[in-house]
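Have a look at the structure below, then the notes.
The values are calculated or read from the model by the stated rules, or taken from the named source; none is laboratory data. Predicted, not measured: the structure shown is a model, and the values here were computed from it. Heads up, the Cβs are rebuilt from the backbone with ideal geometry, glycines too, and the neighbour counts pull from every protein chain shown. What goes into the accessible areas is simple: the full protein's heavy atoms, side chains included, and nothing from ligands, DNA or RNA. Shrake-Rupley method; radii C 1.70, N 1.55, O 1.52, S 1.80 Å.
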Amino acid sequence: MKHLLFSLSRFVVVFLSSSLVFFALVVLTARLFTPFLSHHAQTIERFTSDLLHKPVKISQFRVTWQGLEPILQGEHVTIWNDERTQPLLQIKQLDIGIALFKTLLTGRVQLEEVKVHGMDLLIRQIKNNQFTFNGLSTLFKQDPNDTGNGIKEAIEWLLAEQKLSLQAINLI
C-alpha cells in the first residue's frame, strides 16, 4: 500500500511538472512568433471578415503581451457593408485579449477582455418604438417578421462578452 501511494504521488508530480514545462514552451513559442504575427494584418483581416461575414479593414495591427496573455491590437478598424460602399462601424482602437490557458484546455480560442476605444454609433428610432443601431444591427441576421427591436440584438451582443470595455463611444 505504501509503495502504491509513493508511485501515485510520484506520477502526479511528474505529470504536473511536465504540464508546467509544456505550458511554458507554448508561451515562449507564442512570444517568439509575436513579431511574425504583427506583419500579417491581411491574414487577420481575412479571418475577421470570415468570422463576421462582412469585409473588415485594419489599418495597423500588432500583438502585445499582458502577463501570459496575448493582446491583439487593431487601430482604425472599419467594418464595411457587403458592397464595400459604406462603413458600418469605425473603431479607433480595438484590443482583444486571448485567454491562452483556457484556449489550450478547450482547443478553441477563448477571449479574455475586449476593449473598444473610440466609436460612433448612430441610433435611429423607427416605427413602433423600435431602434436600429447603424452598424451593430446590420451585423446580425435579422428576421423581417421579427417584431423585436434592433436594440435586442445589440444588447445580446454586448452581454455575450464576459469582459467588454467601451470607451469614448459617441451616440449620435
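Every test in (1) touching a residue at least 12 places away in the same chain (Cβ under 8 Å); (2) not in a loop (DSSP other than H, G, I, E, B) is passed by Lys54 save one, and that test is (2).
Residue pairs whose Cβ atoms lie under 7 Å apart, sitting 6 or more positions apart in sequence or on different chains, and linking a residue in region 102-123 that is within 21 Å of His76 (Cα to Cα) and open to solvent by 50 Å² or more (accessible area, probe 1.4 Å) to a partner that is of a type outside the set (Gly, Ala, Ser) and part of a loop (DSSP other than H, G, I, E, B), are Leu111/Glu161; Glu113/Lys163; Asp120/Ile172. Within region 47-77, restricting attention to residues that are touching a Leu at 6+ places or on another chain (Cβ under 7 Å) and over 30 Å from Phe23 (Cα atoms), the residue that is surrounded by the most Cβ atoms within 10 Å (Cβ to Cβ) is Val77.
If a residue must be of a type outside the set (Val, Ile, Thr) and either touching a residue at least 60 places away in the same chain (Cβ under 8 Å) or open to solvent by less than 30 Å² (accessible area, probe 1.4 Å) (or both), how many such residues does region 28-37 contain? Spell out how you get there, then give the answer.
Of the residues in region 28-37, the ones of a type outside the set (Val, Ile, Thr) are 28, 30-33, 35-37.
Checking the rest, the ones that are also either touching a residue at least 60 places away in the same chain (Cβ under 8 Å) or open to solvent by less than 30 Å² (accessible area, probe 1.4 Å) (or both) come to 30.
The qualifying residues number 1.
Suppose we filter Arg46, Arg62, Arg84 for residues that are within 19 Å of Glu113 (Cβ to Cβ) and of a type in the set (Lys, Arg); which single one remains? After ruling out the rest, the residue left standing is Arg62. Scanning region 78-115 for residues that are more than 23 Å from Ser19 (Cα to Cα) and among the aliphatic types (A, V, I, L, M), we see that the one that is modelled with the lowest pLDDT is Leu88. Only one of the numbered conditions (1) open to solvent by 60 Å² or more (accessible area, probe 1.4 Å); (2) farther than 30 Å from Asn81 by Cα is not met by Phe23, and that is (1).
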